[in-house]
1. Would you check if there is a residue in segment 55-63 being in contact (Cβ under 8 Å) with a residue 12 or more places away in the chain, outside any helix (DSSP H, G or I) and touching a helix residue (DSSP H, G or I) at 6+ places or on another chain (Cβ under 6 Å)?
2. In segment 106-127, is there at least one residue being buried (at least 17 other Cβ atoms within 10 Å of the Cβ), farther than 18 Å from residue 24 by Cβ and over 25 Å from the mean Cα position of the chain (by Cα)?
3. Is it true that residue 66 is free of Cβ contacts under 8 Å to residues at least 24 places away in the same chain and surrounded by 14 or more Cβ atoms within 10 Å (Cβ to Cβ)?
4. Considering only residues that are surrounded by 22 or more Cβ atoms within 10 Å (Cβ to Cβ), away from the ligand (no atom under 12 Å from the Cβ) and in a loop (DSSP other than H, G, I, E, B), which ones fall in segment 1-28?
5. Could you check how many residues of segment 269-293 are in contact with a strand residue (DSSP E or B) (Cβ under 9 Å, 6 or more places away or on another chain) and under 10 Å from residue 237 (Cβ atoms)?
6. Exactly one condition in (1) away from the ligand (no atom under 13 Å from the Cβ); (2) out of contact with any helix residue (DSSP H, G or I) (no Cβ under 6 Å at 6 or more places or on another chain) is not met by residue 31; state its number.
7. Would you check which residues across segment 17-45 are under 23 Å from the mean Cα position of the chain (by Cα) and more than 17 Å from residue 85 (Cα to Cα) and list them?
8. Among the residues of segment 108-127, write down those that are within 16 Å of the ligand (Cβ to nearest atom) and assigned to a loop (DSSP other than H, G, I, E, B).
Ligand SMILES: NC(=O)c1ccc[n+]([C@@H]2O[C@H](COP(=O)([O-])OP(=O)(O)OC[C@H]3O[C@@H](n4cnc5c(N)ncnc54)[C@H](O)[C@@H]3O)[C@@H](O)[C@H]2O)c1
């Protein structure tokens, strides 16, 4: 059984995902009234997903069967996994994680969905930090495959392995990352966002044009390849040259990292040389490029069928 503590945007989505996968769920929120409202919202959403063909009728029934509890102590009683998703307030997290830890079975694993609070700090709020871990989902949790698993210094390795295996078993794509500010996803996403805002502020493009460029140019690749594979396919020497121009025009934040310069210096310029950040045999390189083309063609077809949603036409205020 898993308890979901905090039934808002994320807690509800994760509860739906767990329940759809066949896990018995107990849900709780700040008050019994809010918990009842959250359960009603969960049922409404699951039925909507079933009607839209996104969830099987059987899975929707399992979501409708999610149980509720009037407080944290009752919710976590007997839980093997406690998923904390209360608002991002360190004082509240301290209170709630403390209550979860006091009332949950001694061998329960407690995870926090915090987006930004240091996992090491949060691990100090539970009685058994060895069985505490960050588990950062993305909105909407029902459909976004990636989950960051962030061990605290005290988290037992076996627990990390168990959480990764569990997430894979319900169809997610976990990545174990370190406890740095914003972990990995929010750090990279916010670096992108800051540059997007700067492009608009400098008058280079409107928000709509920036969105189009991100979505249709380099963002088009991202469902299939991360920045390292993309860079390897483009050529690290090309990246180094571009970064030098960006540094000269925009400042030190675009200075090429030492590790990149070092790879180029050693002739590891990417797929074309058989190695960049990653290594490629001739056969792997050929397969990679073919698979890339196949995926891009398929994505283009999907985009014709499901074009991007137009989102507002107003200018920035
Ligand atoms: N919204 C996102 O896109 C997103 C993505 C990833 C991670 N997160 C993180 O997930 C956590 C939850 O975010 P959210 O967006 O779901 O917030 P939210 O405000 O939608 O939901 C939080 C829920 O916690 C409940 N709550 C408040 N006090 C409580 C208490 N004492 N006991 C039990 N429940 C209580 C609230 O009533 C609310 O229903 C935060 O740490 C946030 O940073 C959010």
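1. So far as segment 55-63 goes, yes, one or more of its residues are in contact (Cβ under 8 Å) with a residue 12 or more places away in the chain, outside any helix (DSSP H, G or I) and touching a helix residue (DSSP H, G or I) at 6+ places or on another chain (Cβ under 6 Å).
2. no
3. On the way: free of Cβ contacts under 8 Å to residues at least 24 places away in the same chain: no; surrounded by 14 or more Cβ atoms within 10 Å (Cβ to Cβ): yes.
It is false that residue 66 is free of Cβ contacts under 8 Å to residues at least 24 places away in the same chain and surrounded by 14 or more Cβ atoms within 10 Å (Cβ to Cβ).
4. Matches in segment 1-28: none.
5. 2
6. The one condition residue 31 does not meet is (1).
7. 20, 21, 22, 23, 45
8. 113, 114, 115, 116, 117, 118, 125, 126 - these are the residues of segment 108-127 that are within 16 Å of the ligand (Cβ to nearest atom) and assigned to a loop (DSSP other than H, G, I, E, B).
The values are calculated or read from the model by the stated rules, or taken from the named source; none is laboratory data. Keep in mind the model is a prediction, meaning the values are calculated, not measured. Here Cβ is always computed from backbone atoms with ideal geometry, including for glycine, and neighbour counts include all displayed protein chains.
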